[in-house]
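Participant: Supplied in structure tokens, the structure appears directly below.
Throughout, read-outs are computed from the coordinates displayed, never taken from laboratory work. In this text, all values refer to a predicted model and were calculated from it rather than measured experimentally. Backbone-built Cβ (ideal geometry, glycine too); neighbour counts: all protein chains shown.
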Amino acid sequence: MKTTETEVDAGLENQDQLVIQRVLAGNRDAFRILISRYSDPLYRHALCMTGSPDVAEDILQMSFIKAYQHLAEVRGRFDAWVFRIVANGCKDWLKNIRRSHLSYDEDDQASGFATPEEELDRTELRTDLDRALATLPASLREAFVMKHVEGRSYEEMADLLGTTVGALKMRVHRAREALQALLEEKYA
Amino acid sequence: MFDDFNSESGVRNDGRARDRQRDDARNLFEREVPLGQTGETSLAIAVHAWLDGELPESVLRRGDSARDVDFWNRLGEETSARRHMRTPTHIQDRIMEALPQHAPQLITPWFQRELVLTPASAVAIGSALVAVTAAATAAFMGVIR
């Protein structure tokens, strides 16, 4: 199983390198392949980190433009490299902005709930979770989002963020405890 | 960054004390020390292990953590829903339109660039070195005398 995943990663990395060579040779449109391949996870990360669809879109756009401009400098995995650009963009935004409210674009998400009451509950939980996430320091929020929203393993997170598995476990644990303390009275 | 739900409400009368308390809380909050050693852990280690995929849910159901399991299952529904969110379709076009028209090029710092030495530049560099050495020697001799 591990070998298969590694092979898939290596295959994608090779495909990315081929696309990068095409872009560097002057085929600008080939960059769209990389955008469509990686925009969804990057958008989700930016959206969960910032809580704002508009800001997430801006960060995604700026990150891909930056990635295009520095494409010749890519060494190793493109997806990890571009993830770091997006993650740093989110952290920079969080440093500079104190948010007053959070919102989600309902149109982009399909509803799997049968009744209006369930949908209302879900919207309320979503808003409360956003508010609770907003109280966390950026490093804890980032770790929680990567683990629980993006479903990444600790090893993958450590690889992407350049830190240790132990430190990341600590951040996720602290984030969970803070979130439970904030939300359990209403939802437990 | 540290924020709270009342961050927009302005500074209280005891703002300075509150700031100090908040700084202390932030320092404690961000300190990366192993959980369970400080005695401050509110969530059972077993719950973390379950959330990390290291324990089956049935083990926690038998203990005192059933309430925690329900809470995290409910939260898990929301986080799973977020996992399926897609980028709005217009974004890809917007990014492509905003890309520079020229192909990306490698920008090499001057100290990493290849040095091309022509006969003329070699003579110029040599002459400059001789002149600098002569000037330095003259200055040194002047100081000695």
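Participant: Taking every pair of Cα atoms in region A:114-188, average 1/r, invert it to obtain the Kirkwood radius, and report Rg/Rh to two decimals. Please list the in-between numbers first.
Facilitator: Values: Rg = 14.1 Å, Rh = 13.3 Å.
When Rh is taken as the Kirkwood radius, the ratio is 1.06.
Participant: Take every residue in peptide A:173-184, count the Cβ atoms of other chains within 10 Å of its Cβ, and give the average of those counts. Show your work: numbers first, answer last.
Facilitator: Working: counts 10, 9, 0, 9, 8, 3, 4, 7, 2, 1, 3, 8.
Average per residue, whole number: 5.
Participant: In vacuum, with every alpha carbon of region A:1-99 counted as one equal point scatterer, what does the Debye formula give for log10 I(q)/I(0) at q = 0.11, 0.15, 0.16, 0.25 Å⁻¹? Two decimals, please.
Facilitator: Ignoring solvent entirely, the Cα scatterers give -0.36, -0.63, -0.71, -1.28.
Participant: What distance in nm lies between label points placed 7 Å from Cα along the C-beta direction at A:ASN88 and B:ARG74?
Facilitator: Distance between the two pseudo-spin positions: 4.1 nm.
Participant: Here is a follow-up. In peptide B:68-80, how many Cβ atoms from other protein chains are near each Cβ within 10 Å, on average?
Facilitator: Numbers: counts 4, 1, 3, 7, 7, 0, 6, 12, 1, 4, 9, 9, 3.
Other-chain Cβ atoms within 10 Å of each residue's Cβ, averaged: 5.
Participant: Another question about this same structure. Sort A:154-164, A:45-55, B:115-125 by the packing proxy (mean of other Cβ within 10 Å over each peptide's residues), most packed first. Write out the running numbers ahead of the final one.
Facilitator: Numbers: A:154-164: 15.5, A:45-55: 21.8, B:115-125: 8.6.
Per-residue Cβ counts within 10 Å, averaged per peptide and sorted highest first, yield A:45-55, A:154-164, B:115-125.
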